[in-house]
Amino acid sequence: MARMNLNSCPRCNGAVLDYVQPTEDSPMCIMCGWRDRTVSESVLAEVKNHLGKSFIEHTYTHSKATRGKPPMSGWDREKKRRAQLRMRANDQRELNAS
Ligand SMILES: [Zn+2]
């Protein structure tokens with residue numbers, strides 16, 4: 001993948017060496033000082049994606065757990081049912097009007 005860029009600099013087409021600065025992980029161009037950051041960036045993006053996924057999974061299981069809370073009382077359920085029926089009736093009227 002990014003290996004192809006390691007031996008030539010995209011900026012000046014010079015040689016990119018990974019032993020110019022032993023303290024740095026990234027390969028570096030000996031001509032202009034350009035450094036190949038694409039590898040570490042893609043790794044970072046992967047890590048971010050993974051973290052995002054696990055976060056979504058976490059919130060999903062969390063919201064699922066809250067579903068196990070005590071159920072609504074009969075009257076609350078009836079109120080919700082009537083509200084939904086009223087909303088649906090309103091939708092029907094708007095559909096017929098247009
Ligand atoms: Zn260069």
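The values are calculated or read from the model by the stated rules, or taken from the named source; none is laboratory data. The structure presented is a predicted model; accordingly, all values stated were derived computationally and were not measured. Reconstructed Cβ throughout: ideal geometry from the backbone, glycine too, with neighbour counts over all protein chains shown.
Take Asp18 and tell me if it is at pLDDT below 70, surrounded by 13 or more Cβ atoms within 10 Å (Cβ to Cβ) and charged (D, E, K, R).
Details: at pLDDT below 70: yes; surrounded by 13 or more Cβ atoms within 10 Å (Cβ to Cβ): yes; charged (D, E, K, R): yes.
In short, yes.
Being at pLDDT 80 or above and loosely packed, with under 10 Cβ neighbours inside 10 Å is the filter here, so list the residues in the range 45-81 that pass it.
First pass over the range 45-81, keeping only residues at pLDDT 80 or above: 73-81.
Scanning the range 45-81 gives Ser73, Gly74, Trp75.
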